[in-house]
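I have placed the structure first, in the form of C-alpha cells, so that the comments after it can refer back to it.
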Amino acid sequence: MKPKTADDIARLMARAGQAFRAGNLSRAGKDAEDVLKAVPEHGEALYCLGLVRHNQGKTVQAMTLLRRALAAHPGFAPCAVTLSKMLLETGDGDGALRVLSDALAQNPGDANLAFELGRTRIILGDPAGGAEDLGRAAELAPEAPPVYGSLGIAYQL
C-alpha cells in the first residue's frame, strides 16, 4: 500500500516498528519500503529498512540505507550510532568516528553520541580522546553510570 497522507505514513511506520520489535522482519521491511515509495528519503523508513537488512545479514545494503538516512537527516542520532557500530564491525574505524563526530556536531547536547564517540575512540586505541568525549558525556548526563565505567577504563589505559 502506497501511503497517501502523513497519517498513512505515521501508521505504516508505527506498524513497521512494532513488526520489527516482534521479529517480523518481512512485515517491517515491506512497510518501510511502502513509505519509501511515497517519500524516498524518509529518514525513519530508511533507518528501519537498514535495521531489517542488517538483521537479514545484508550489511552492505544496511549501511547504504543508513547513509541515505543520514544524508537526508544529518544528525539522526540512533541512525548514526547504528551505522558507526556497523562500520566498526566491518573494520572502518575512521568511518565510524566520522559518522559519530558529524552527528555530535549536529546534536552537541546528545550525551549518548558523546558516549559512543568516546567508546569508539577507546576501541580504536585512543584512550585520551575517548576520555575527553566520555567526560563530555558525563557532563551532559551525570546520572548515566555506564559513562563513568567507560571513563574509568579510559583513564586506566
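The values are calculated or read from the model by the stated rules, or taken from the named source; none is laboratory data. No experiment lies behind these values; they were computed from the predicted model shown. Glycine gets a Cβ as well: all are built from the backbone with ideal geometry, and neighbour counts include every protein chain shown.
Has segment 98-105 got any residue that is of a type in the set (Asp, Glu) and surrounded by 17 or more Cβ atoms within 10 Å (Cβ to Cβ)?
Among the residues of segment 98-105, not one is of a type in the set (Asp, Glu) and surrounded by 17 or more Cβ atoms within 10 Å (Cβ to Cβ), which makes the answer no.
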**OP:** Answer with yes or no whether residue 117 is modelled with pLDDT of 95 or more, in the same structural domain as residue 141 (by TED's automatic domain parsing) and within 20 Å of residue 49 (Cα to Cα).
**Re:** no
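Would you point out which residue out of 88, 65 is in the same structural domain as residue 39 (by TED's automatic domain parsing) and within 30 Å of residue 39 (Cβ to Cβ)?
Exactly one of 88, 65 is in the same structural domain as residue 39 (by TED's automatic domain parsing) and within 30 Å of residue 39 (Cβ to Cβ), namely 65.
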**OP:** Could you tell me whether any residue of segment 75-88 is at pLDDT 95 or above, closer than 21 Å to residue 124 by Cβ and surrounded by fewer than 19 Cβ atoms within 10 Å (Cβ to Cβ)?
**Re:** yes
Original post:
In the list 19, 6, which residue meets the criterion of being aliphatic (A, V, I, L, M), more than 18 Å from the chain's Cα centre (by Cα) and surrounded by fewer than 19 Cβ atoms within 10 Å (Cβ to Cβ)?
Top reply: 6
